[in-house]
1. In the list 95, 75, 82, which residue meets the criterion of being more than 12 Å from the chain's Cα centre (by Cα), within 20 Å of residue 6 (Cβ to Cβ) and either surrounded by fewer than 18 Cβ atoms within 10 Å (Cβ to Cβ) or free of Cβ contacts under 8 Å to residues at least 24 places away in the same chain (or both)?
2. In this structure, is residue 57 among the aliphatic types (A, V, I, L, M), part of a loop (DSSP other than H, G, I, E, B) and buried (at least 18 other Cβ atoms within 10 Å of the Cβ)?
3. Within the stretch 6-25, work out how many residues are exposed (fewer than 11 other Cβ atoms within 10 Å of the Cβ) and closer than 20 Å to residue 127 by Cα.
4. When only residues in the stretch 36-50 that are crowded, with 16+ Cβ neighbours inside 10 Å and in contact with a helix residue (DSSP H, G or I) (Cβ under 8 Å, 6 or more places away or on another chain) count, which is farthest from residue 68 (Cα to Cα)?
5. Taking the stretch 1-35 on its own, how many of its residues are assigned to a loop (DSSP other than H, G, I, E, B) and farther than 17 Å from residue 66 by Cβ?
6. Output the qualifying pairs, or none if there are none: Cβ atoms under 6 angstrom, residues six or more apart or on different chains, first residue in the stretch 32-46 and at positive phi, second residue at pLDDT 95 or above.
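The values are calculated or read from the model by the stated rules, or taken from the named source; none is laboratory data. Treat the numbers as computed from the prediction; the structure is a model and nothing was measured. Methodologically, a virtual Cβ is constructed for each residue, glycine included, from the backbone with ideal geometry; neighbour enumeration extends over all protein chains shown.
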Amino acid sequence: MSREELFGLLPHRGHMLLLDGARREGEEAVAWYTVRGDEFFLNGHFPGNPVVPGVILCEMMAQSACVLLEGLMQGKLPLYTGMDRVRFRSPVRPGDILTMRCRITRQKHPFYFCSGRVLAGERLCAEAQFSFAIAEAEACSQKS
(Lines give C-alpha, C1' and ligand atoms only; values in the text may rest on other atoms or scores of the structure.)
Protein backbone atom coordinates (compact mmCIF):
# COMPACT_ATOMS: atom_id res chain seq x y z
CA MET A 1 0.00 0.00 0.00
CA SER A 2 1.56 3.29 -1.08
CA ARG A 3 1.24 6.59 0.76
CA GLU A 4 -1.49 7.60 -1.70
CA GLU A 5 -3.39 4.36 -1.01
CA LEU A 6 -3.08 5.02 2.73
CA PHE A 7 -5.07 8.25 2.17
CA GLY A 8 -7.97 5.99 1.18
CA LEU A 9 -7.66 3.98 4.40
CA LEU A 10 -6.64 6.44 7.10
CA PRO A 11 -8.32 9.77 7.89
CA HIS A 12 -4.93 11.39 8.70
CA ARG A 13 -3.85 14.18 6.37
CA GLY A 14 -0.89 16.44 5.85
CA HIS A 15 1.90 16.04 8.34
CA MET A 16 -0.09 13.63 10.51
CA LEU A 17 0.03 10.72 8.05
CA LEU A 18 3.17 9.17 9.51
CA LEU A 19 3.65 6.21 7.16
CA ASP A 20 5.35 6.04 3.77
CA GLY A 21 3.75 2.69 2.98
CA ALA A 22 2.30 -0.47 4.50
CA ARG A 23 1.32 -4.03 3.76
CA ARG A 24 -0.34 -6.94 5.46
CA GLU A 25 1.75 -10.05 6.16
CA GLY A 26 -0.69 -12.66 7.39
CA GLU A 27 -1.88 -11.56 10.83
CA GLU A 28 0.67 -8.75 11.02
CA ALA A 29 0.70 -5.22 9.62
CA VAL A 30 4.09 -4.02 8.41
CA ALA A 31 4.58 -0.33 7.69
CA TRP A 32 7.60 1.84 7.01
CA TYR A 33 8.73 5.43 7.30
CA THR A 34 12.03 7.17 6.57
CA VAL A 35 12.88 9.96 9.00
CA ARG A 36 13.99 12.78 6.71
CA GLY A 37 14.94 15.35 9.34
CA ASP A 38 12.54 18.11 8.25
CA GLU A 39 9.46 16.76 10.05
CA PHE A 40 7.42 19.17 12.21
CA PHE A 41 7.97 17.03 15.31
CA LEU A 42 11.76 17.43 15.10
CA ASN A 43 11.55 21.22 15.14
CA GLY A 44 12.78 21.96 18.65
CA HIS A 45 13.06 18.30 19.77
CA PHE A 46 16.02 18.86 20.29
CA PRO A 47 18.03 21.71 18.66
CA GLY A 48 21.27 20.27 17.32
CA ASN A 49 20.31 16.75 18.45
CA PRO A 50 17.00 15.78 16.78
CA VAL A 51 15.19 12.79 18.29
CA VAL A 52 11.75 11.57 17.19
CA PRO A 53 9.35 11.99 20.15
CA GLY A 54 8.04 8.77 21.66
CA VAL A 55 4.44 9.85 21.17
CA ILE A 56 5.09 10.02 17.41
CA LEU A 57 6.44 6.46 17.46
CA CYS A 58 3.24 5.38 19.25
CA GLU A 59 1.13 7.12 16.61
CA MET A 60 3.08 5.33 13.88
CA MET A 61 2.27 1.98 15.50
CA ALA A 62 -1.43 2.86 15.73
CA GLN A 63 -1.61 3.95 12.10
CA SER A 64 0.14 0.73 11.11
CA ALA A 65 -2.38 -1.42 12.99
CA CYS A 66 -5.23 0.16 11.00
CA VAL A 67 -3.96 -1.68 7.92
CA LEU A 68 -5.37 -4.84 9.50
CA LEU A 69 -8.85 -3.28 9.56
CA GLU A 70 -8.88 -2.10 5.96
CA GLY A 71 -12.46 -3.21 5.31
CA LEU A 72 -13.82 -1.52 8.45
CA MET A 73 -12.17 1.89 8.14
CA GLN A 74 -14.23 3.59 5.39
CA GLY A 75 -15.64 6.83 6.82
CA LYS A 76 -14.49 5.93 10.34
CA LEU A 77 -12.03 7.38 12.81
CA PRO A 78 -9.58 5.21 14.77
CA LEU A 79 -9.30 6.71 18.26
CA TYR A 80 -6.70 5.67 20.83
CA THR A 81 -8.34 4.29 23.99
CA GLY A 82 -5.29 3.11 25.89
CA MET A 83 -1.57 2.39 25.94
CA ASP A 84 0.17 -0.15 28.16
CA ARG A 85 3.68 -1.46 28.59
CA VAL A 86 5.14 1.30 26.42
CA ARG A 87 8.91 1.08 26.27
CA PHE A 88 11.35 3.26 24.36
CA ARG A 89 14.50 1.25 23.76
CA SER A 90 16.64 3.33 21.41
CA PRO A 91 16.40 6.91 20.06
CA VAL A 92 15.17 7.46 16.52
CA ARG A 93 17.03 10.09 14.51
CA PRO A 94 17.02 11.58 11.00
CA GLY A 95 18.15 9.02 8.46
CA ASP A 96 16.63 6.08 10.30
CA ILE A 97 14.41 3.85 8.17
CA LEU A 98 11.67 2.61 10.47
CA THR A 99 9.62 -0.54 10.25
CA MET A 100 6.48 -0.83 12.35
CA ARG A 101 5.14 -4.33 13.04
CA CYS A 102 1.73 -4.63 14.68
CA ARG A 103 -0.84 -7.31 15.30
CA ILE A 104 -4.31 -7.38 16.78
CA THR A 105 -4.27 -9.49 19.94
CA ARG A 106 -7.95 -9.20 20.85
CA GLN A 107 -11.06 -7.51 19.56
CA LYS A 108 -14.52 -6.66 20.73
CA HIS A 109 -15.89 -4.32 18.09
CA PRO A 110 -15.55 -1.35 18.15
CA PHE A 111 -12.48 -1.95 20.39
CA TYR A 112 -9.24 -3.45 19.09
CA PHE A 113 -6.27 -4.43 21.26
CA CYS A 114 -2.83 -4.57 19.65
CA SER A 115 0.84 -5.10 20.22
CA GLY A 116 3.42 -3.26 18.18
CA ARG A 117 7.12 -2.63 17.66
CA VAL A 118 9.15 0.06 15.92
CA LEU A 119 12.49 -1.04 14.51
CA ALA A 120 15.30 0.81 12.75
CA GLY A 121 16.92 -2.04 10.87
CA GLU A 122 17.39 -4.74 13.52
CA ARG A 123 17.42 -2.21 16.38
CA LEU A 124 14.29 -2.22 18.56
CA CYS A 125 13.35 1.43 19.18
CA ALA A 126 9.91 1.18 20.80
CA GLU A 127 7.27 -1.36 21.74
CA ALA A 128 3.80 -1.11 23.22
CA GLN A 129 0.45 -2.69 23.78
CA PHE A 130 -2.39 -0.36 22.88
CA SER A 131 -6.07 -0.21 22.12
CA PHE A 132 -8.28 1.89 19.92
CA ALA A 133 -11.90 2.19 18.95
CA ILE A 134 -13.33 2.57 15.47
CA ALA A 135 -15.84 5.41 15.69
CA GLU A 136 -18.25 6.96 13.22
CA ALA A 137 -16.64 10.12 11.88
CA GLU A 138 -19.89 12.07 12.34
CA ALA A 139 -20.08 11.11 16.02
CA CYS A 140 -16.65 12.68 16.57
CA SER A 141 -17.32 16.02 14.94
CA GLN A 142 -18.53 18.98 16.95
CA LYS A 143 -22.05 20.10 16.16
CA SER A 144 -22.95 23.77 16.37
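1. 75
2. Taking the combined requirement at face value, the residue does not satisfy it.
3. 1
4. Here the residue is 50.
5. Qualifying residue count for the region: 1.
6. 37/94
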